[in-house]
C-alpha cells in the first residue's frame, strides 16, 4: 500500500508540473525597482523556508525506508521517547528562521509601502485610477486627458497612482512593475512605482468582482519621455471629451475591454466618484445631534 501511494504521488506530480508551465510567470520577470525588490523578498523567504522543508522531506524518506517492516536490521526501541539534542535542533532552527523572516518582513514591509514616495524617479507623475464594472479608467490630472483600459507613462519616471472604485471592491496590479493595491468605493489608496525598461506590460484585476472579472485587464505602455509627450499631444487632438454625463454611461456594467481615449476632462470625475459614496456633512451633524440627545 505504501509503495502504491508513492507511485501515485510521482505520477500525479509528473502530470501537474507540465500544466503549471503554462502559467503567467510575470512576477518572476520584474521590470521595475519595486517588482525587483518584491521578487528578492519572495526568493529569500522561500530559500529560508527550504532550510526546514528539504531536510524534513529527506528525513521522511530516510526514516520510512530505514524503519520499514521488512528491515530486520533496524534498531527496535519501543520505550524510546526523548532526546535532548533532537529537541534542541527541531526547536532552535525554526525559531531562528522565523526570527530572521520576521526581521526581513518588517524592514521590507516599510520599505515597499505602496503609499511611500520613492527616492528614485524624480517628482511623481499623478494618474487617477477608477475601477469600474469591469474595466479601468485612468485620468491624468496634469495633462487633462483620460483613457479606458490603457495607461501610458515614461520610463524611469516615478508614477503615483491614486486609486478608487465605483464598483465592487477590486485590486489594481501591474505584475511586472509592482504589487497589488485595493480599489474601494468612497476611499482612496495609492501605489508608487517606476518602470526601468521600455515595453508593454499587462495590468490585471487581482480581486474577483463579478461576471466580467476575467476580462478586466488593461495595457500599461512604458515609453520614452519624448514618445509620451507625443502621445499626450495626439490624444488632445481628438474631439472626445469626458464629463460626468459620459462617465455615468461608462460606469454601467460592461464587459467591453476596448481601449478608449478622451481629449479633455471637463469635470473633476475622480473626486466626484469618491464623494458620491460619502455621507453629506449635514447628515453627519444630524446623526451626532441625535446621539447626544439620547
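The values are calculated or read from the model by the stated rules, or taken from the named source; none is laboratory data. What you see is a predicted model, and the numbers here were worked out from it, not measured in a lab. Don't worry about glycine lacking a Cβ; one is built from the backbone with ideal geometry, like all the others, and counts go over all protein chains shown.
Values for this structure:
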| quantity | calculated |
| --- | --- |
| Where a residue in segment 95-109 is over 11 Å from residue 49 (Cα atoms) and its partner, wherever it lies, is modelled with pLDDT of 95 or more, with Cβ under 6 Å and at least six apart | none |
| Residue check, residue 177 in contact (Cβ under 8 Å) with a residue 24 or more places away in the chain, in a strand (DSSP E or B) and touching a helix residue (DSSP H, G or I) at 6+ places or on another chain (Cβ under 9 Å) | no |
| Set 224, 257, 171: member being loosely packed, with under 15 Cβ neighbours inside 10 Å and on the phi < 0 side of the Ramachandran plot | 224 |
| Number of the condition not met by residue 145 [criteria: (1) within 15 Å of the chain's Cα centre (by Cα); (2) under 25 Å from residue 251 (Cα atoms); (3) surrounded by 18 or more Cβ atoms within 10 Å (Cβ to Cβ)] | (1) |
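Let's see how each residue does on (1) part of a loop (DSSP other than H, G, I, E, B); (2) out of contact with any helix residue (DSSP H, G or I) (no Cβ under 8 Å at 6 or more places or on another chain); (3) surrounded by fewer than 13 Cβ atoms within 10 Å (Cβ to Cβ):
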| residue | (1), (2), (3) |
| --- | --- |
| 63 | no, yes, yes |
| 70 | yes, yes, yes |
| 86 | no, yes, yes |
| 108 | no, no, no |
| 127 | no, yes, no |
